[in-house]
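Structure first, then comments.
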Amino acid sequence: MSVIRLLVLGAIRQHGRAHGYQVRADLDFWGAHEWSGTKPGSIYHALRQMTKEGLLLAHGVEPSTAGGPPRSVYELTAAGEAAYLALLRASLRAHDQRIEVLTAAVGFLVDLPRGEAVALLRERVAALEAWRDEVVRQWTPDGGTHITEIMRLWVHRAESDAAWTRDLIGRLEGGAHVMAGEGPRTSEVLPAEACDDGRR
């Protein structure tokens with residue numbers, strides 16, 4: 001699954017409309033360049049590609065405040081909204097996503113209604129438990145070879161990931177965070193210069 005698609009679509013959705021520099025500033029603010037390997041070139045490539053695919057709509061240009069060339073402003077199309085939510089849901093429920101994909105999904109968790117987010121995370125716990133049981137049943141070799149350590153690592157990862165997910169479920173069920181449809185969001189998740197641009 002493409003983490004850059006989830007990040008770019010989610011960042012634009014937070015603003016309603018955004019240009020590439022805003023998306024890049026958001027991702028830098030979140031430290032995505034550290035945990036996802038996202039580069040500026042991949043952001044702009046994703047914007048162009050998803051515009052070609054009909055997931056984004058480019059609106060003319062916006063004058064650059066930095067004195068550079070005018071900027072295209074993007075927003076999600078109906079297809080883009082559907083693609084974003086499908087990526088988000090798939091990333092939350094799967095047990096075998098790369099950590100950067102899960103990290104991005106957790107960053108956009110609040111874009112889902114509380115009950116749906118909890119249900120998706122419960123699917124993730126069930127998948128992790130099933131995978132752990134399969135490793136124990138099918139793949140743990142007999143004897144004490146060093147290969148056994150791989151299986152112990154997999155079991156540990158499954159158990160620790162499931163425990164973390166259960167903790168998140170508990171926090172959500174306890175009312176943590178403002179989820180979709182529950183009221184206004186905090187502006188602390190965006191750079192200060194991005195907070196006055198009419199984002200959703």
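Quick notes on this one:
- Among the residues making up the stretch 144-163, a single one is closer than 23 Å to V118 by Cα and either of a type in the set (S, T, Y) or assigned by TED's automatic domain parsing to the domain that holds A94 (or both): S160.
- Taking the stretch 34-50 as the range and being of a type in the set (V, I, T) and either within 17 Å of A83 (Cα to Cα) or assigned to a helix (DSSP H, G or I) (or both) as the test, only I43 passes.
- In the condition set (1) in contact with a helix residue (DSSP H, G or I) (Cβ under 9 Å, 6 or more places away or on another chain); (2) loosely packed, with under 15 Cβ neighbours inside 10 Å, H146 is compliant with all but (1).
- Verdict on L102 being closer than 26 Å to D26 by Cα, in a helix (DSSP H, G or I) and not assigned by TED's automatic domain parsing to the domain that holds L9: no
- Top-ranked residue in the stretch 7-26 [being more than 18 Å from R185 (Cβ to Cβ) and in contact with a helix residue (DSSP H, G or I) (Cβ under 8 Å, 6 or more places away or on another chain); ranked as surrounded by the most Cβ atoms within 10 Å (Cβ to Cβ)]: V8
The values are calculated or read from the model by the stated rules, or taken from the named source; none is laboratory data. Note that the structure is predicted; figures quoted are calculated from it, not measured. In this analysis, Cβ positions are derived from the backbone assuming ideal geometry, glycine residues included, and neighbour counts consider all displayed protein chains.
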